[in-house]
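*Asks:* What follows is a single structure, and I will ask about it in a moment.
The values are calculated or read from the model by the stated rules, or taken from the named source; none is laboratory data. Computed from a prediction, not measured in an experiment: that's the story for all the values here. For neighbour counting, all protein chains shown are included, and Cβ atoms are generated from backbone atoms with ideal geometry for every residue, glycine included.
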Amino acid sequence: MKRRHFLATAAAATLATPALAATGTAYRKGLVEAELAAGRTVFLDFYTDWCTTCRAQAAAIRKLKSENPAYEANMTFIAVDWDKHASSRLAHDLKIPRRSTLVVLHGDQEIGRIVASTRRAEIKALMDAGLAAATA
């Protein structure tokens, strides 16, 4: 009986993962370019639903956004599903090496990036850099 409970719980957690991983608007072709053209600072989260590093990054991002509403007020957060968009023009042009990559863009500049780090201090520093670019 315990095994059935474990399997049911694991299945439910797997189905809930996409909601846990998403940190912003789902990426679609042209969205990043439109936001940048409108003068917005863009925070890109290249994630997958099955990546534990991505989930840890997403949790840190959500927590930081809840602690400082200025992040969402001044930046556009876009979640890019790596499984769907790894070979996209966006990933190619930005030279995204893998899932669990976070990138901040403003205008035609890359403000910063993090690859595979879940350290809250690093993620906060990247978000702060994006906020500074957005409010400059």
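*Asks:* (1) in contact (Cβ under 8 Å) with a residue 40 or more places away in the chain; (2) in a loop (DSSP other than H, G, I, E, B): which one isn't true of Ile78, the others all being true?
*Replies:* (2)
*Asks:* Something else about it: Return the only residue of Ile96, Ile123, Ile111 being part of a helix (DSSP H, G or I), in contact (Cβ under 8 Å) with a residue 12 or more places away in the chain and β-branched (Val, Ile, Thr).
*Replies:* Being part of a helix (DSSP H, G or I), in contact (Cβ under 8 Å) with a residue 12 or more places away in the chain and β-branched (Val, Ile, Thr) holds for just one of Ile96, Ile123, Ile111, which is Ile123.
*Asks:* If you don't mind, there's one more thing I want to ask. May I ask you to list pairs of residues, at least six apart or on different chains, whose Cβ atoms are under 8 Å apart, with the first in the stretch 51-62 being farther than 13 Å from Ala116 by Cβ and the second being at pLDDT below 95 and part of a helix (DSSP H, G or I)?
*Replies:* Between residues of the stretch 51-62 that are farther than 13 Å from Ala116 by Cβ and residues that are at pLDDT below 95 and part of a helix (DSSP H, G or I), the close pairs are Ala58/Leu20; Ala58/Ala21; Ala59/Leu20.
*Asks:* While we're looking at this one, here's another question. I'd like to verify a number: residues in the stretch 32-58 that are part of a helix (DSSP H, G or I) and in contact with a helix residue (DSSP H, G or I) (Cβ under 8 Å, 6 or more places away or on another chain), how many?
*Replies:* Within the stretch 32-58, residues that are part of a helix (DSSP H, G or I) and in contact with a helix residue (DSSP H, G or I) (Cβ under 8 Å, 6 or more places away or on another chain) number 5.
*Asks:* Of the numbered conditions (1) of a type outside the set (Asp, Glu); (2) under 15 Å from the mean Cα position of the chain (by Cα); (3) more than 13 Å from Thr53 (Cβ to Cβ), Ala134 satisfies every one except a single condition; which is it?
*Replies:* Ala134 satisfies all of (1) of a type outside the set (Asp, Glu); (2) under 15 Å from the mean Cα position of the chain (by Cα); (3) more than 13 Å from Thr53 (Cβ to Cβ) except (2).
*Asks:* Evaluate the following for Ser117: is it under 18 Å from Arg28 (Cα atoms) and surrounded by fewer than 20 Cβ atoms within 10 Å (Cβ to Cβ)?
*Replies:* For Ser117, the condition - under 18 Å from Arg28 (Cα atoms) and surrounded by fewer than 20 Cβ atoms within 10 Å (Cβ to Cβ) - is not met.
*Asks:* Next up: Here is a check on your reading of the model: is Leu105 part of a strand (DSSP E or B), aliphatic (A, V, I, L, M) and under 18 Å from Glu33 (Cβ atoms)?
*Replies:* Considered against the rule, which asks whether it is part of a strand (DSSP E or B), aliphatic (A, V, I, L, M) and under 18 Å from Glu33 (Cβ atoms), Leu105 comes out as yes.
*Asks:* Contact list please: Cβ distance under 7 Å, first residue in the stretch 30-50 and surrounded by 13 or more Cβ atoms within 10 Å (Cβ to Cβ), second residue among the basic types (Lys, Arg) and outside any helix (DSSP H, G or I), pairs at least six apart or on different chains.
*Replies:* Close Cβ pairs (under 7 Å, with a partner that is among the basic types (Lys, Arg) and outside any helix (DSSP H, G or I)) amount to Phe46/Arg99; Tyr47/Arg99; Thr48/Arg99.
*Asks:* What is the number of the single condition among (1) assigned to a helix (DSSP H, G or I); (2) modelled with pLDDT of 95 or more; (3) loosely packed, with under 12 Cβ neighbours inside 10 Å that Ala13 does not meet?
*Replies:* With (1) assigned to a helix (DSSP H, G or I); (2) modelled with pLDDT of 95 or more; (3) loosely packed, with under 12 Cβ neighbours inside 10 Å applied to Ala13, the lone miss is (2).
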